[in-house]
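The structure under discussion appears below in the form of structure tokens.
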């Protein structure tokens, strides 16, 4: 596997509240923090560290789905407790999208509206569901996908790590094979660049991965760059 990662503050925000982990060949993670006075940055960094540390320590002891669930629940507990003990952190939280790679299987754990896409045969499929107000409306059939992309409330989350004592973690898995890819990204990318344009970038040669991210981020910033932008692009194969 080969992977490329990048994070950018964007054109509007004063701080970068995104975090990511890229520990090859097994663990990829993106997190998009929320909260005032740097609290979002604290939340995303804490989640990234807690989850990655837990997985590294326990990866040979637990099944992948259990590993991901436990790690994200632990991060939720720690971040929630931090918020209760510090008024500056009250209400802070973060999205988390984590991919755990086991040979040709991608296991994923997910909370929030960051995304995991599978790139296969010149197509791109979103594996995760957005835990957002607009995401729920879309799943209920109240709006179309095109309406969801421009809806004024598309950034309102219905679920995040650290905002409540208990958290429901989405867990899933997908197979991938030689030449396939995955993209993990925060909504700073997907709200600024259409899925059609993202697909056109990521189906290019894997060796161009760094340039692909650079070009996608440039387009997001040119479109306004209203949020921080973070992405990890990984491709399966030993011969890349």
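Bear in mind that the values in this text are calculations on the coordinates, not laboratory data. Predicted model only: the values in this text are computed from it and were never measured. Neighbour counts are summed over all protein chains in view; Cβ atoms, including those assigned to glycine, are modelled from backbone coordinates with ideal geometry.
One residue is enough: does the range 135-148 have a residue meeting the conditions within 17 Å of residue 33 (Cβ to Cβ), surrounded by 13 or more Cβ atoms within 10 Å (Cβ to Cβ) and touching a helix residue (DSSP H, G or I) at 6+ places or on another chain (Cβ under 9 Å)?
The answer is no; no qualifying residue exists.
Within the range 11-20, which residues are surrounded by fewer than 22 Cβ atoms within 10 Å (Cβ to Cβ) and either touching a helix residue (DSSP H, G or I) at 6+ places or on another chain (Cβ under 8 Å) or closer than 21 Å to residue 132 by Cβ (or both)?
11, 12, 13, 15, 16
Hey, can you tell me all the residues within the range 174-184 that are surrounded by 15 or more Cβ atoms within 10 Å (Cβ to Cβ) and in a strand (DSSP E or B)?
174, 181, 182, 183, 184
Please state which one of 118, 90 is surrounded by 13 or more Cβ atoms within 10 Å (Cβ to Cβ) and within 21 Å of residue 232 (Cβ to Cβ).
On inspection, the qualifying residue turns out to be 118.
Please state which one of 68, 23 is under 22 Å from residue 103 (Cβ atoms) and surrounded by 24 or more Cβ atoms within 10 Å (Cβ to Cβ).
Going through 68, 23 in turn, the sole match is 68.
When you scan the range 185-240 for helices (runs of 4 or more DSSP H) that lie fully inside it, which ones turn up with 2 or more residues that are without any contact (Cβ under 8 Å) to a residue 12 or more places away in the chain and within 25 Å of residue 16 (Cα to Cα)?
209-222
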